[in-house]
Amino acid sequence: MKKTKVAFIYDFDETLSTTYMQDYLLIPKLGLKPETFWKKANAWSADNMADQVTGSMYYFTKIAKEKGICLSKEMLEDCGRNIEYFEGVETWFDRINNFGKYLDLDIEHYIVSSGYEEIIEGCSIRPYFKGVAGCAFAFDEKGVPVWPARVVNYQAKVQYLSKINKGLKKLDDKAVNEYIPDENRRIPYTRIIYFGDGQTDVPSMKMVKDRHGTAIAVYKPKSHKKRKAIQMLKDDRVNFALPADYREGKGIDTAVKAVLYRIAVLRDLEEMQKEEYKKIK
């Protein structure tokens with residue numbers, strides 16, 4: 001029997017990693033503390049009426065140029081090797097994939113993040129993902145990032161979610177708004193699990209939940225962000241609000257396995273129903 005496809009879609013910063021990916025090495029390379037950089041970048045964005053995600057990308061190139069620091073794609077990828085993950089993340093993918101196989105489910109993992117694709121390409125867990133949609137830089141002839149080529153904010157996250165649902169390529173922007181009947185979509189929302197932590201994830205999580213998929217708000221254990229995650233649950237935007245601990249037997253592991261069981265059971269019931277209807281013909 002052909003395995004049923006399921007999509008796990010993750011934000012990255014503070015969902016899989018313990019903080020923003022730029023904080024580990026990239027910002028220190030600029031000689032700044034993360035809190036100082038983000039404060040200045042957000043102020044620049046506000047002063048120039050720029051989207052914060054777009055503004056921060058430009059601000060990186062601006063500060064690097066002012067300080068005479070040569071950014072490059074290779075340097076950004078190298079920053080990915082310094083990322084720290086929440087407990088259980090690095091063993092999560094093999095474990096949950098094997099559990100899926102037991103249920104005849106083929107789990108595909110995707111990242112849809114406002115973080116930088118170039119940094120994600122260098123991280124240890126990159127091989128587990130079928131696709132990565134993140135912010136990306138345009139590079140000049142010397143390989144230096146000069147401008148944002150793609151920006152992933154909360155609106156773009158919804159668009160990439162729709163592309164995964166319909167089976168479209170990452171850069172296939174023309175087809176994303178075309179009508180495709182639900183039965184012809186590659187992975188229906190009922191078989192999508194979305195993991196996110198922040199405001200840029202809320203529209204995507206709400207859309208997944210409203211279409212009978214599963215949305216999980218994760219939060220850093222023992223942090224004030226637990227309150228925000230529970231508020232999302234209270235506001236009916238997510239199905240679960242759980243600490244970002246991916247170890248076996250913890251909340252995320254238990255909830256996701258229960259959802260996978262439900263997906264498998266509903267699939268089997270649907271197949272049984274189809275066989276029953278054949279008796280009528």
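The values are calculated or read from the model by the stated rules, or taken from the named source; none is laboratory data. Remember, it's a predicted structure, so these values are computed and weren't measured experimentally. Ideal geometry is used to build each Cβ from the backbone, glycine not excepted, and the neighbour counts take in all protein chains shown.
Here's a check for you: in the range 40-51, which residue that is surrounded by fewer than 17 Cβ atoms within 10 Å (Cβ to Cβ) and within 24 Å of the chain's Cα centre (by Cα) is farthest from Ser113 (Cα to Cα)?
Asn42
Please state which of the following conditions Leu260 fails to meet, knowing it meets all the rest: (1) modelled with pLDDT under 95; (2) surrounded by 21 or more Cβ atoms within 10 Å (Cβ to Cβ); (3) over 16 Å from Val158 (Cα atoms).
Evaluating Leu260 over (1) modelled with pLDDT under 95; (2) surrounded by 21 or more Cβ atoms within 10 Å (Cβ to Cβ); (3) over 16 Å from Val158 (Cα atoms) leaves (1) as the failure.
Would you confirm, using the coordinates I've provided, whether Lys130 is touching a His at 6+ places or on another chain (Cβ under 8 Å) and surrounded by fewer than 18 Cβ atoms within 10 Å (Cβ to Cβ)?
So Lys130 passes the test.
Looking only at the range 152-164, decide whether some residue is within 24 Å of Glu84 (Cβ to Cβ), buried (at least 18 other Cβ atoms within 10 Å of the Cβ) and either free of Cβ contacts under 8 Å to residues at least 60 places away in the same chain or not aliphatic (A, V, I, L, M) (or both).
yes
For every residue, the table says whether it meets (1) of a type outside the set (Ser, Thr, Tyr); (2) surrounded by 17 or more Cβ atoms within 10 Å (Cβ to Cβ); (3) out of contact with any helix residue (DSSP H, G or I) (no Cβ under 8 Å at 6 or more places or on another chain).
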{"residue": "Lys2", "(1), (2), (3)": "yes, no, yes"}
{"residue": "Phe8", "(1), (2), (3)": "yes, yes, no"}
{"residue": "Asp11", "(1), (2), (3)": "yes, yes, no"}
{"residue": "Gln22", "(1), (2), (3)": "yes, yes, no"}
{"residue": "Leu25", "(1), (2), (3)": "yes, yes, no"}
{"residue": "Ser72", "(1), (2), (3)": "no, no, yes"}
{"residue": "Phe86", "(1), (2), (3)": "yes, yes, yes"}
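Among Lys226, Lys279, Lys222, which is out of contact with any Gly (no Cβ under 9 Å at 6 or more places or on another chain) and at positive phi?
Lys222
Which residue pairs have Cβ atoms closer than 7 Å, lie 6 or more positions apart in sequence or on different chains, and pair a first residue in the range 263-276 that is in contact (Cβ under 8 Å) with a residue 12 or more places away in the chain and of a type in the set (Ser, Thr, Tyr) with a second residue that is part of a helix (DSSP H, G or I) and exposed (fewer than 13 other Cβ atoms within 10 Å of the Cβ)?
Close Cβ pairs satisfying both conditions: none exist.
Out of all the residues in the range 219-249, which are basic (Lys, Arg) and under 17 Å from Val202 (Cβ atoms)?
Across the range 219-249, the qualifying residues are Lys225, Lys226, Arg227, Lys228, Lys234, Arg237.
Let me confirm something: among Thr36, Thr54, which residue is hydroxyl-bearing (Ser, Thr, Tyr), on the phi < 0 side of the Ramachandran plot and touching a strand residue (DSSP E or B) at 6+ places or on another chain (Cβ under 7 Å)?
Thr54
Out of (1) in a strand (DSSP E or B); (2) over 17 Å from the mean Cα position of the chain (by Cα); (3) of a type in the set (A, V, I, L, M), what's the single condition that is false for Ile111?
(2)
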